[in-house]
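Shown next, in structure tokens, is the structure this report addresses.
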Amino acid sequence: MKITLEIKVEDNEGGFARMVNWGHPGSDITGMLARSEKVAGTCEELLGGEVYHYHSKLMMKDAETGGKYVWHQDYGIDHDFIAGQTGADVERVNAIAKICPLEFVELEPGDALFFHCNLLQTSNQNKSPYRRWAFLCAYNRASNNPIKKHHHPSYTKLHKVGNKINNSNNNKDDSKQQQQQQQQ
């Protein structure tokens, strides 16, 4: 895994979260999970074709201080800079709230949630006595390769692995391919 850097994300309400992101999945536990048939294969079923790993993030909210993420879309077009974050246009969020009811999602450790990158979403502060970390994997359909080069990878063949993830799963040949992709 090639980590870009750890970013501190403040929320203008006194809280902050931390985020680490990377482009190509490696052979560590996060890369194996991102390349697993259960995760990547499910995304292929949902998107109706071959996918590639677009990026992954580890979102970290510490106990009692973890900041909120403002309303946003993971692939939104109309974004504003809100509370030091890239967020959805507040006027549009308020208009949408009038016709679309809020859906709250509470997950247990180990649960997974799949959603479209255009989903309007937010995440409140972590006021609990426990840290709240979320591992996010984003995929793009192979046929939807970006036309402009940007900070996320373009199409790179995803070498999926089985669902049994442990240290013995780290295939040497596969590790070499993943290292070459990380250097791109």
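The values are calculated or read from the model by the stated rules, or taken from the named source; none is laboratory data. The model shown is predicted, which means the values in this text are computed figures rather than measured ones. Quick reminder, even Gly has a Cβ in these numbers, built from the backbone with ideal geometry, and neighbours come from all protein chains shown.
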Considering only strands (runs of 3 or more DSSP E) wholly within the stretch 66-153, the ones with at least 1 residues that are modelled with pLDDT of 90 or more are 121-123, 132-141
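For the stretch 61-70, give me the residue count where each residue is crowded, with 19+ Cβ neighbours inside 10 Å, under 14 Å from residue 19 (Cα atoms) and of a type outside the set (Gly, Ala, Ser).
Qualifying residue count for the region: 3.
In the stretch 23-53, how many are outside any loop (DSSP other than H, G, I, E, B), in contact with a Gly (Cβ under 8 Å, 6 or more places away or on another chain) and buried (at least 18 other Cβ atoms within 10 Å of the Cβ)?
Here is the first cut: in the stretch 23-53, the ones outside any loop (DSSP other than H, G, I, E, B) are 29-47, 51-53.
Now drop any that are not in contact with a Gly (Cβ under 8 Å, 6 or more places away or on another chain), which leaves 36-37, 53.
This time we only want the ones that are buried (at least 18 other Cβ atoms within 10 Å of the Cβ), so: 36, 53.
The qualifying residues number 2.
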Scanning the stretch 78-106 residue by residue, those surrounded by 10 or more Cβ atoms within 10 Å (Cβ to Cβ) and either among the hydroxyl-bearing types (Ser, Thr, Tyr) or under 22 Å from the mean Cα position of the chain (by Cα) (or both) turn out to be 79, 80, 82, 83, 84, 85, 86, 87, 88, 89, 93
Here the residues within the stretch 1-22 that are more than 21 Å from residue 145 (Cα to Cα) and surrounded by 16 or more Cβ atoms within 10 Å (Cβ to Cβ) are 1, 9, 11, 15, 16, 17, 18, 19, 20
When restricted to 63, 34, 88, the only residue of a type in the set (A, V, I, L, M, F, W, C), touching a residue at least 60 places away in the same chain (Cβ under 8 Å) and in contact with a Phe, Trp or Tyr (Cβ under 8 Å, 6 or more places away or on another chain) is 63
Exception for residue 11 within (1) touching an Asp or Glu at 6+ places or on another chain (Cβ under 9 Å); (2) among the acidic types (Asp, Glu); (3) closer than 28 Å to residue 85 by Cβ falls at (1)
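Here is a check on your reading of the model: is residue 129 free of Cβ contacts under 8 Å to residues at least 12 places away in the same chain and either farther than 30 Å from residue 159 by Cβ or more than 16 Å from the chain's Cα centre (by Cα) (or both)?
Against the criterion (free of Cβ contacts under 8 Å to residues at least 12 places away in the same chain and either farther than 30 Å from residue 159 by Cβ or more than 16 Å from the chain's Cα centre (by Cα) (or both)), residue 129 does not qualify.
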*Taking the stated definitions as given, is residue 40 at pLDDT 95 or above and touching a strand residue (DSSP E or B) at 6+ places or on another chain (Cβ under 8 Å)?*
yes
Of 27, 36, 56, the only residue that is among the polar types (S, T, N, Q) and within 13 Å of the chain's Cα centre (by Cα) is 56
